[in-house]
4 protein chains.
Amino acid sequence: MWFMSDNTQPAAPEVVAALERANRGHAASYGADPIMARVTAALRVLFEAPGAEVQLVATGTAANALALACLAPPWGAVYCHGEAHVNSDECGAPEFYTAGAKLVPLDGDHGRIDPAALDAALAIGRGASVHNVQPAALSLTNATEAGTVYDPEALAALTARARSMGLPVHLDGARFANAVASLGCTPSELSWKAGVDVLTLGGTKDGCLAAEAVLFFDPVRARDFGFRRKRAGHLFSKHRFLAAQIEAWLEGGLWLDLAARANARAAALARGLAAIPGVTLAHPADANAVFARWPRGLHRAAMAAGAEYYLWDFDATLDGPDDEPLLARLVCGWSTTEDEVRQLIALVSGAA
Amino acid sequence: MWFMSDNTQPAAPEVVAALERANRGHAASYGADPIMARVTAALRVLFEAPGAEVQLVATGTAANALALACLAPPWGAVYCHGEAHVNSDECGAPEFYTAGAKLVPLDGDHGRIDPAALDAALAIGRGASVHNVQPAALSLTNATEAGTVYDPEALAALTARARSMGLPVHLDGARFANAVASLGCTPSELSWKAGVDVLTLGGTKDGCLAAEAVLFFDPVRARDFGFRRKRAGHLFSKHRFLAAQIEAWLEGGLWLDLAARANARAAALARGLAAIPGVTLAHPADANAVFARWPRGLHRAAMAAGAEYYLWDFDATLDGPDDEPLLARLVCGWSTTEDEVRQLIALVSGAA
Amino acid sequence: MWFMSDNTQPAAPEVVAALERANRGHAASYGADPIMARVTAALRVLFEAPGAEVQLVATGTAANALALACLAPPWGAVYCHGEAHVNSDECGAPEFYTAGAKLVPLDGDHGRIDPAALDAALAIGRGASVHNVQPAALSLTNATEAGTVYDPEALAALTARARSMGLPVHLDGARFANAVASLGCTPSELSWKAGVDVLTLGGTKDGCLAAEAVLFFDPVRARDFGFRRKRAGHLFSKHRFLAAQIEAWLEGGLWLDLAARANARAAALARGLAAIPGVTLAHPADANAVFARWPRGLHRAAMAAGAEYYLWDFDATLDGPDDEPLLARLVCGWSTTEDEVRQLIALVSGAA
Amino acid sequence: MWFMSDNTQPAAPEVVAALERANRGHAASYGADPIMARVTAALRVLFEAPGAEVQLVATGTAANALALACLAPPWGAVYCHGEAHVNSDECGAPEFYTAGAKLVPLDGDHGRIDPAALDAALAIGRGASVHNVQPAALSLTNATEAGTVYDPEALAALTARARSMGLPVHLDGARFANAVASLGCTPSELSWKAGVDVLTLGGTKDGCLAAEAVLFFDPVRARDFGFRRKRAGHLFSKHRFLAAQIEAWLEGGLWLDLAARANARAAALARGLAAIPGVTLAHPADANAVFARWPRGLHRAAMAAGAEYYLWDFDATLDGPDDEPLLARLVCGWSTTEDEVRQLIALVSGAA
């Protein structure tokens, strides 16, 4: 029963097979190979964005930080949710890549920025003088860190606020596939049509080994990307192995199939857990993660029986009174089985 | 009636005269002159800190940012009040100097960090892994941006929390003189005896032209200061002109006399305003600034009559209904006169 | 006939197969998986360095820049050959990662630093005051950018000079395997026994897809590595896929077999070319690259016949007089065939 | 006999007096005062550049580094003389301010860049790909670190090369006054008319306490200057004290009178020394510094008699054979007297 993270999942066999195919013979390095040309074309079609600039890197942190560095100067303010990965889980990568921009953490329930909180922050930003950091960008995450999604209207409500001040919008799409699969909308409806300027499209959590695409819907913003990527050591010499992953992942809609499978498992898990007396869901399980709270005693039993997941209160431990409720983060992936879901529900219900 | 800022004040005549004296003949450059040796000795005596490292720069932002860069690595978290100058008024200087550390803004009434807010932040920091910025330093401000002061006990309550996690403490003392004068304690009681490791001692707002001292009570922490200062262009070649200011400013307790004068004016102003019906003080006027709220109509009248000060609600303007209360920040300096105070009170009371 | 770069080569089939094996089931992320534990153990044995710290990243530029950032402060001077990859081919990565250290380029024939040039630079460094960057590290490359090698004595002659001033030594080992295979010495003899503190051991050019190890022989120097890597987005979540590459690459000495094969092809190519009248070798072909000069006319013919390689004079083109000699860089890899070598020799000799 | 540096000189009395005058009453802070408006107007007239952007800081290192940061991105190459102050004497300030740009050191006799060396470097830069730092700016120094000057034609020969590649030109004018006084040309002829885009105009070495102007002849290039200056802590709150220095320094051509006086002393010193058998001048004494070589024994005698200057060979000491020639750097300032010059000549001639 693995519910630790999307990162402990294997890659999809189709993606691994593509590496083997890509390995036949020589190929031009640094992205000049034919696979990359096909990936660029495919993503432009998929996003209905014929002019988009497409670049690949191997990690989500690199994708996010490089994207933000193309949007915010060192003296810029980047507005984001306080729990956003860029703010809380990247050891300061955006600050490193931007040479010191300031992330302004905003509140909002269920991992989604409260429009009023953004309004308040932008109002302060509007009054910025040379003494203050300058409003530079809005960074959103979809699906969010709380396993919820923004629908196109919710996205647009936030991006419109940013755009009214001339601020570009970054979308951390480490789990973009899960958001699209959850909402059933098109990729464009969840990105540029909703006001997103730069999307980091995550493959790693959704079946790749290590591959992320960065899409600049306005290619002018990508002007410095190449220098920043190279200078950061993120330009792969054997770049075809990044491109091959993304190509296989997009092929035939695999990316959405994998995400839909993960979402379905999470939905089943959320339903099963919510039906257990004493279990409460902390957030709607819109995508592939479930946040649920139940008594410590049953956590202890579940973990003893082999369930792997994180206690999400930052200082929670298995030591303490049995009946104290503790929050679990349970992440499903494409390879999570219905059996694993059933077993976990059984353990938490005390029926196992 | 100038209440805009300590920065619009002239320098004390004693300080200007010292420049003229320091200008006679040649002197060794870059701080190797005899005046600097005397300043170092004087500050060590004044702070009862014979081993302290003393360095001078010309601006408070430089002093703060250089000090923090000696305490926090690029992946460090610096805990500070959300309204702290380092967080809100230095255009990201700490981020620039630390190469990207993260300032973690904390809440607290009247410009003072709420110990519970610090506890909560440190608890999160205690759980930091390689994915998170690492707890690195606590930065306090005394007198605060709200014109209040921390007494030694209040300081110690916060610094003890930091020190229990091994974090060094920086004190932004742009208005340290006002705090000492307000509390009547010794400089050491408000600094190292209360758990402060590095103090930026501000002369500029208190009668200098442009001079700030940085005191490292543990000189080991100053190891890189010289390189950082030079590299930032803050090492003065004709360094004697910084030292001469500080020497004259300390001489005979001038620094405290000037601060006490400013504090007395602010106290009188606060008393006078508070006695006016419809005026409320937003914060205790412990030091040299008064934050008071009164109806827009009287602001309009006061400004028309020549009163100079800031409306402090970031988006407030003189346009609008007469009776809406607006917050004023009124800063007194060593040269503020009793007359100016009386005039302003009269204007606000509508008696002028 | 591919002689463009080691980077256009495919990965070794053994390495690709290892990815497939590593993909079975879940695994702990971020390097906590069992494959990484085995890689660490294997490298410690191979280098006779039981206490070495071992870390993996995906690119050589990242490996070099992260290693240097662990050795040099922002105000540090890093001594290196002017043609070193870190100085000339990484778009300023070391400057980015170190937050602005200065690379001091040194001369020397055939890609090897002239000890006298190092002496002269260190003598200047010895006199550094606060006005100057401070001597911080020596960075060497083996095999060099000119396709030559330092033997252990030549390495030690340079590292001893650095160590006498207390400077740590970085070795860019993007082609370390080629150097070891060329010299027939042990990995330890070409690294820590010769005075190297940190080695970046390159897998990518020698049969991996994208994998590099960083070995800190003194683990204390690695203290900040984890933060720097994460912050740079170089910590792979599915880290097992980096580890699996290195494991397979080391298994049974594959890494040296591949390098020896590449070296043998280069040696044959160098011999064949040198025997052609009008062809001169610019450098000894110690490793897997040949630098040779011959008339433009024959370059034109060779390229027309499908030979792929770089003209190495930075501004050379195929346009111009037939008889002007132009420098070619010809890189062999593990997959270069004897046939390709023979064909190229034939083309250049005009016999094709 | 002070010949150590322009930095050990006192400020001109006119400049100190201006501080006293500027200190009367309140003034708007951060450069919004009337003195600064007058300085801007005066410099625009003096340089025949009505659209120039004028900004002040307190140190030459800050002026240079801020200027370069406005011209070069982090991945930029800045071409300069190897002995330029920005390259050799600022502890890496340009690297800090640009977030890691690379200074490319060029050769040239007497502190002046050899046009052929610039051509060679630019040719390499012309071939830059994403793997290389990108040509970004040319930085010149006039008067040079060797006490020589570029005349307008020599300047233009270099700037034209840069401009042909679209590179902007920075001029470090720490001793610009000495260059103008030496050549008898106008400020515009030595700056924008000769192809300079940004000039750092030094007051500190020529009679100010601490004041430097940065002139952007194309104000578009100054767009980020304000943020960079504030963020670096170089925006003075009591900015009028910077402006007052520059105003007094310009008033009635004082800046040129002071420089001419220093130049005249240096010329007399050079003539006197050159006439002594066994003394050789290392460089023409075009400005206010003399570089001369004479036997160690006479250095020992001169210093024993109170002459203050630097031995300029970086590792030279007074210990050693009497007859070995050692290089002296002898800097004259506005306050250097004819007597001091005569005394030193007498000491070196052995006649004292």
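The values are calculated or read from the model by the stated rules, or taken from the named source; none is laboratory data. The structure displayed is predicted, hence computed values, not measured ones. With ideal geometry, Cβ positions are generated from the backbone for all residues, glycine too; neighbour counts draw on all protein chains shown. Surface areas here come from the heavy atoms of the whole protein model, side chains and all, with no ligands, DNA or RNA. Shrake-Rupley method; radii C 1.70, N 1.55, O 1.52, S 1.80 Å.
How high is the relative contact order of the range A:129-206, given as a whole-number percent (alpha carbon pairs under 8 Å, six or more residues apart)?
On the way: 114 pairs, mean separation 27.3, N = 78.
Relative CO of the range A:129-206 lands at 35 percent.
Using Cα pairs closer than 8 Å and at least 6 residues apart in sequence, work out the relative contact order for the range A:48-151, in percent.
On the way: 156 pairs, mean separation 31.0, N = 104.
Value for the range A:48-151: 30 percent.
Under 5 Å between amide H atoms, partner at least 5 residues away or on a different chain: which partners does D:Q134 have, H built in plane at 1.01 Å?
Amide H to amide H, under 5 Å and 5 or more residues apart or across chains, D:Q134 pairs with D:G76, D:A77.
Give the calculated FRET efficiency between A:R21 and D:A41 to the nearest 0.05, with a Förster radius of 60 Å applied to their Cβ-Cβ distance.
Numbers: r = 70 Å, r/R0 = 1.17.
Once the sixth-power term is evaluated, E becomes 0.30.
Any idea what Rg and Dmax come out to for the range C:67-113 if you just take the C-alpha atoms, in Å?
Using the Cα atoms of the range C:67-113, the pair Rg, Dmax is 10.4, 30 Å.
If you take every residue apart from D:A211 with its C-beta less than 11 Å away from the C-beta of D:A211, what net charge results, scoring Lys and Arg +1 and Asp and Glu -1?
-1
Might you report the magnitude of the Cβ-based charge dipole of the range B:171-261 about its Cα centre, with Lys and Arg at +1 and Asp and Glu at -1, to the nearest 20 debye?
Numbers: 12 positive and 10 negative charges, 95 e Å.
In debye, rounded to 20, the range B:171-261 gives about 460.
If the viscosity is 0.890 mPa s and the temperature 25 °C, what translational diffusion coefficient in µm²/s does Stokes-Einstein give for the range B:186-301 when Rh comes from Kirkwood over Cα pairs?
Stokes-Einstein gives a translational diffusion coefficient of 142 µm²/s.
Among C:H110, C:L171, C:W75, which residue has its Cα positioned farthest towards the positive end of the charge dipole of the range C:68-179, with +1 placed on the Cβ of Lys and Arg, -1 on the Cβ of Asp and Glu, and the dipole taken about the Cα centre?
In the range C:68-179, that residue is C:W75.
Quick one: which residues, 5 or more positions from A:L326 or on another chain, have an amide H under 5 Å from its amide H? H modelled 1.01 Å from N in the peptide plane, none for Pro or chain starts.
Hits under the 5 Å cutoff: A:W294, A:R296.
What does the copy distance list look like for D:D319, label position 7 Å along Cα→Cβ, in nm and ordered from shortest?
Nearest to farthest, the other copies are at 6.1, 6.3, 7.6 nm.
Show me the trypsin sites (Lys or Arg not before Pro) within the range D:5-65 that DSSP assigns to loop and that have at most 10 other Cβ atoms within 10 Å of their Cβ. Before the final figure, lay out the partial values.
On the way: sites: D:R21, D:R24, D:R38, D:R44; in loops: D:R24.
Here the trypsin sites (Lys or Arg not before Pro) that fit, given the DSSP loop and packing criteria, are D:R24.
Hey, what did the range A:192-311 get for relative contact order, percent, Cα under 8 Å, at least 6 apart?
After rounding, I find 16 percent.
Inside 10 Å of the C-beta atoms of A:96-106, what's the mean count of C-beta atoms belonging to other chains?
Mean shielding count: 6.
Which Cα, out of B:I276, B:P295, B:A328, lies furthest along the positive dipole direction of the range B:273-328 (beta carbon charges, K/R +1, D/E -1)?
Sorting the options by dipole projection puts first B:I276.
Calculate log10 I(q)/I(0) of the range B:126-202 for q = 0.24, 0.26 Å⁻¹, where I(q) comes from the Debye formula with a single equal point scatterer on each Cα and nothing for solvent.
-1.03, -1.18
Apply the Karplus parameterisation 6.51 cos²θ - 1.76 cosθ + 1.60, with θ equal to phi minus 60°, to every residue of the range D:93-103 and state each ³J(HN,Hα) to the nearest whole Hz, in sequence, with x for glycine and proline.
With coefficients 6.51, -1.76 and 1.60, one gets 4, x, 5, 5, 6, 8, 6, x, 5, 10, 8 Hz.
Quick one: putting +1 on the C-beta of Lys and Arg, -1 on the C-beta of Asp and Glu, what dipole do you get for the range A:82-157 around its Cα centre, in Debye to the nearest 20?
Roughly 380 debye for the range A:82-157.
From the backbone phi of the range B:268-276, what are the Karplus-calculated ³J(HN,Hα) couplings (6.51 cos²θ - 1.76 cosθ + 1.60, θ = phi - 60°) in whole Hz, Gly and Pro given as x?
Karplus values, whole Hz, x for Gly and Pro: 5, 5, 4, 4, x, 5, 4, 7, 8.
Within 10 Å, Cβ to Cβ, of D:G202, how many net charges do the neighbouring residues add up to if Lys/Arg are +1 and Asp/Glu are -1?
-2
Let me spell out the model: positive unit charges on the Cβ of Lys and Arg, negative unit charges on the Cβ of Asp and Glu, origin at the Cα centre of the protein assembly as shown. What dipole size does that give, in debye rounded to 20?
In total the dipole reaches around 0 debye.
Can you tally the net charge around B:W334? Count Lys and Arg as +1, Asp and Glu as -1, for every other residue whose Cβ sits under 14 Å from the Cβ of B:W334.
In short, -1.
Using the 7 Å Cα-to-Cβ label point, sort the distances from B:A346 to its equivalents in the other copies shortest first and give them in nm to one decimal.
Ordered by increasing distance: 6.9, 8.9, 10.8 nm.
Would you pull out the residues with amide H under 5 Å of C:A282's amide H, same chain only if 5 or more places away, H placed 1.01 Å from N?
C:F291, C:A292, C:R293
Bin width 10 Å, origin at 0, all Cα-Cα pairs of chain D: what percent of pairs per bin?
Over chain D, the share of Cα pairs per 10 Å bin runs 6, 25, 31, 24, 12, 2, 0 percent.
Determine, at each q value in 0.15 (inverse angstroms), the log₁₀ of I(q)/I(0) that the Debye formula gives when each Cα of the range B:60-171 is one equal point scatterer.
Rounded to two decimals, the profile gives -0.56.
Give me the percent of Cα-Cα pairs in the range D:274-333 that sit more than 15 Å apart, rounded to a whole number.
48 percent
Share of chain A's accessible area from carbon and sulfur, percent, 1.4 Å?
The value for chain A is 54 percent carbon and sulfur by accessible area.
Which residue fluctuates the most in chain D, going by a Gaussian network model with Cα springs under 10 Å, if the choices are D:A274, D:A137, D:A304?
Highest fluctuation of the listed residues: D:A304.
Looking only at D:A67, D:A194, D:A117, which one moves most when chain D is put into a Gaussian network model with springs between Cα atoms under 10 Å?
Looking only at D:A67, D:A194, D:A117, the largest GNM fluctuation is found for D:A117.
With θ taken as phi - 60° and the coefficients 6.51, -1.76 and 1.60, list the Karplus ³J(HN,Hα) couplings across the range B:197-214 in order, rounded to whole Hz; mark glycine and proline as x.
My calculation for the range B:197-214 gives 9, 9, 10, 9, 9, x, x, 4, 6, 10, x, 8, 7, 5, 6, 9, 9, 10 Hz in order.
Provide an ascending nm list, one decimal, of label-point separations from B:G297 to the equivalent residue in each further copy; define each label point as 7 Å from Cα along Cα→Cβ.
6.8, 9.5, 10.1
If the range B:7-111 were replaced by its equivalent ellipsoid, with semi-axes equal to the square roots of 5 times the Cα gyration tensor eigenvalues, what would those be, largest first, whole Å?
32, 18, 15
Over the Cα atoms of the range C:91-136, Rg to Rh with Kirkwood Rh, two decimal places?
1.02
Please check which bits of the range C:193-217 a label hung off C:S164 would reach, taking the label as a point 7 Å along Cα-to-C-beta and the cut-off as backbone N under 13 Å.
None, by backbone N distance to the label point.
Put +1 on the Cβ of each Lys and Arg and -1 on the Cβ of each Asp and Glu in chain B; which of B:A121, B:V15, B:L155 then has its Cα farthest toward the positive end of the dipole?
My answer, from the dipole projection, is B:V15.
Who wins for biggest fluctuation among A:Y97, A:Y150, A:Y30 in a Gaussian network model of chain A, springs between alpha carbons below 10 Å?
A:Y30
How high is the FRET efficiency from A:D224 to D:A351, r the C-beta distance, R0 51 Å, rounded to 0.05?
In this case the efficiency is close to 0.20.
Computed from the mean reciprocal separation of all distinct C-alpha pairs, what Kirkwood hydrodynamic radius does the protein assembly as shown have, in Å?
Result for the protein assembly as shown, one decimal place: 34.0 Å.
Going by the rotation axis that takes chain D to chain A, pick out the residue of D with the closest C-beta and quote the gap in whole Å.
Output: D:A99, 2.
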